[in-house]
Structure formats: structure tokens, C-alpha cells
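Quick notes on the structure that follows.
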Amino acid sequence: MSQPVSSFIIRFHTANVDPNTLEKMYRIKVTHVQTEHECTFNYLEEAFRYMKVSVDREGKREGV
């Protein structure tokens, strides 16, 4: 029995720079390869949460 595979493409680009702290703010686009579903996030933690939910959902569909 093969294990389900979930693949993601993650793209970062600088959206802005805080003029006070010079901290870069990013736009993070995540594409789930199998479903071609795309989401955009401001924080890496949000992107990871989306990926975890997607992987968990795929596992339930596959019965894993």
C-alpha cells in the first residue's frame, strides 16, 4: 500500500518594509499541487497551519 503524497509550492515576496524597524513583511503564496488550490498569507505560521490541515485532510480521504 502506498502512502499519500501532498506537495506544496511556496512562494515568498517582499510586500513591504516597516520604515521604523526595517523589518521585511512578506506575502506568502502556497499552492497545494494535487488540488491546485492557492492561498496567500502574511505569516509563515499561517502557511504552515494551512499545509498541516491540507495534509491531515488528504490522510483522512486516503484512510491513513
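So what is the 222 nm mean residue ellipticity for the chain from helices alone, if each DSSP H run of at least 4 adds -39500 (n - 2.57) and you divide by all residues, rounding to the nearest 500 deg cm²/dmol?
-10000 deg cm²/dmol
Once both axes come from the Cα atoms, what is the angle between helix 44-62 and the longest principal axis of the chain, in degrees from 0 to 90, rounded to 10?
10
Whats the longest run of the chain with zero GluC sites (Glu not before Pro) that are DSSP loop and have at most 11 other Cβ atoms within 10 Å?
The answer is 37-64.
Could you tell me the calculated FRET efficiency between ASN20 and GLU45, based on Cβ-Cβ distance and R0 = 22 angstrom, to the nearest 0.05?
Values: r = 22 Å, r/R0 = 1.02.
E between ASN20 and GLU45, to the nearest 0.05, is 0.45.
Would you indicate which of [x] 0.97; [y] 1.40; [z] 1.33 is the value of Cα Rg over 2.2 N^0.38 Å derived from the coordinates of this structure?
The value matching this structure is [y].
Under 12 Å from the Cβ of LYS52, count the other residues' Cβ atoms, weight Lys and Arg +1, Asp and Glu -1, and hand me the total. Please report the intermediate quantities before stating the final value.
On the way: positive: ARG49, ARG57; negative: GLU45, GLU46, ASP56, GLU58.
With Lys, Arg at +1 and Asp, Glu at -1, the neighbours total -2.
Say we join alpha carbon atoms closer than 10 Å with springs in a Gaussian network model of the chain; which of VAL53, VAL17, VAL30 then has the biggest fluctuation?
Sorting by GNM fluctuation, first place goes to VAL17.
Bear in mind that the values in this text are calculations on the coordinates, not laboratory data. It should be emphasised that the depicted structure is a prediction, and the values quoted were computed from it without experimental measurement. Heads up, the Cβs are rebuilt from the backbone with ideal geometry, glycines too, and the neighbour counts pull from every protein chain shown.
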